There are 2 protein chains.
Amino acid sequence: MEVQIAAAKVNKYAVSESGDTLEVIERPNGGVSVVLADGQSSGRGAKAISQMVVRKVIGLLAEGVRDGATARAASDALFTDKQGKVISTLNIASLDLSSGTIVLTRNNPAPMFICRGEQIDILKEESIPLGTSRNVRPLITEITIEPGLIVVIYTDGLVHAGKRRGTPMDVGATLRSVLEEQDPPPQMLADALLGQAVSLDDNRPADDISVLVLKVTPRVGDNVRRMAVRLPIDGVARVS
Amino acid sequence: MEVQIAAAKVNKYAVSESGDTLEVIERPNGGVSVVLADGQSSGRGAKAISQMVVRKVIGLLAEGVRDGATARAASDALFTDKQGKVISTLNIASLDLSSGTIVLTRNNPAPMFICRGEQIDILKEESIPLGTSRNVRPLITEITIEPGLIVVIYTDGLVHAGKRRGTPMDVGATLRSVLEEQDPPPQMLADALLGQAVSLDDNRPADDISVLVLKVTPRVGDNVRRMAVRLPIDGVARVS
């Protein structure tokens, strides 16, 4: 099998720094974790918060701490620092090769989707962001790694897209329409969701938007791990 | 403009963990850094070393420490821990948007290539791995970000490929032949170099091999940042 991960990320219109931070790290016992945080508000302050949360989480994951415990630790650290005045969402998607599962950790009111063939499930139990109080608990979902599995995770910029114009985004409907195409690669899924949101906001996103897609495919190629990043830059000192 | 980063990575034959660790992080003042370390020997011990080095470096980069200082700090930490008995190479490639430059930090005997159009320069001044002594210094090269620029970085598995069979890899020649194609994307360059090395080792790589390519292109698309990872997995608990 092969696990393919794709992310697409855009800043709020006319804001040079995204409040969303997304990073991928190798896990100490094999596999990788993708960590996505969305700091409250936008711009530089939000960036500092989401970077602090992601930094805390990946530092602990690197020490072998389990995903749920890293989310609790990041929440406690944020609450201690900001006394509940600043919050951040967090999603962790971990490919755990020792258990053969994908472990999904969520502290984010925005739901996640899990797709297998024609079946599209939405995970939308109530979930509280980090830093809101002591005793914030993450929701943990564990799924066996198997070909055809697709997981879609996003920040609330996707949920709120189009609301300003009264034409709110329907994430599930967009996802379903793309999945009807023959076996779309994860980058196509992420780009389609982000593109629809940006279009509903008249190409001026009302918030930072990040979309993350994981897909398990039957093995088709070689043994090579690959990673690619594309980073548009406007002159100098604009993107983050 | 757009900066595209691509990496391709393969384990030593029949070894389940790569001693090479490669990670990408966002810099606190914008831009990203790619950090590549190759721990001495192979397998689990080497992995622990290279992960420790990368963890140290990205932790400091996240705090705003300059690249050269992070390399010195990681070297001192490794030397203190292992008393010079275990060493690790380190390469950092940073896209520094505040200065409009790519900053290349090297503690690795393996050279780097910098290409602009037809011109291919090799950077091969002597460079010492981390952890060899106190006072290890990195070599720092700073290049203006401009369209057409290509940087190629790799671990010594690429250099040593084919030596067992008496047909050693000529990295520069392979690079030149790929660059003669019309404007190859960075993933094609990374894959071609890695593919040539693996082929010279009879598809049984004698060492972990990692190839990292950065390319600056004129802006062609949208404002979206993208990231993609492909991770082959054999059943369970095999890849790292």
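I want to confirm something. Restricting to segment B:51-60 and keeping residues that are in contact with a strand residue (DSSP E or B) (Cβ under 6 Å, 6 or more places away or on another chain) and closer than 10 Å to B:V35 by Cα, which single residue is surrounded by the most Cβ atoms within 10 Å (Cβ to Cβ)? Only one residue fits best here, namely B:V53. Only one entry of B:R116, B:R137, B:R106, B:R176 meets the criterion of being more than 19 Å from B:T217 (Cα to Cα) and more than 14 Å from the chain's Cα centre (by Cα), and that entry is B:R137.
Scanning segment B:1-21 for residues that are part of a strand (DSSP E or B) and within 7 Å of another protein chain (Cβ to nearest Cβ) returns B:E2, B:V3, B:Q4, B:I5, B:A6, B:A7, B:A8, B:K9, B:V10, B:T21.
Please tell me if A:L97 is closer than 16 Å to A:Q4 by Cα and either crowded, with 22+ Cβ neighbours inside 10 Å or within 19 Å of the chain's Cα centre (by Cα) (or both). Judged against the criteria, A:L97 is a match.
Could you go through segment B:92-101 and let me know if any residue there is more than 30 Å from A:R44 (Cβ to Cβ) and part of a strand (DSSP E or B). Looking for residues that are more than 30 Å from A:R44 (Cβ to Cβ) and part of a strand (DSSP E or B), one finds none in segment B:92-101, hence no. Do we find that B:A6 is surrounded by fewer than 24 Cβ atoms within 10 Å (Cβ to Cβ), within 15 Å of the chain's Cα centre (by Cα) and closer than 21 Å to A:M227 by Cα in this structure? Considered against the rule, which asks whether it is surrounded by fewer than 24 Cβ atoms within 10 Å (Cβ to Cβ), within 15 Å of the chain's Cα centre (by Cα) and closer than 21 Å to A:M227 by Cα, B:A6 comes out as yes. Output the residue which, of all residues in segment B:22-41 that are small (G, A, S) and outside any strand (DSSP E or B), is surrounded by the fewest Cβ atoms within 10 Å (Cβ to Cβ). The extreme case among them is B:S41.
Residues in segment B:5-18 that are at pLDDT below 90 and in contact with a strand residue (DSSP E or B) (Cβ under 8 Å, 6 or more places away or on another chain): B:S18 only.
The values are calculated or read from the model by the stated rules, or taken from the named source; none is laboratory data. Because the structure is predicted, anything quoted here is derived from the model rather than measured. Cβ: placed from backbone, ideal geometry, glycine included. Neighbour counts: every protein chain shown.
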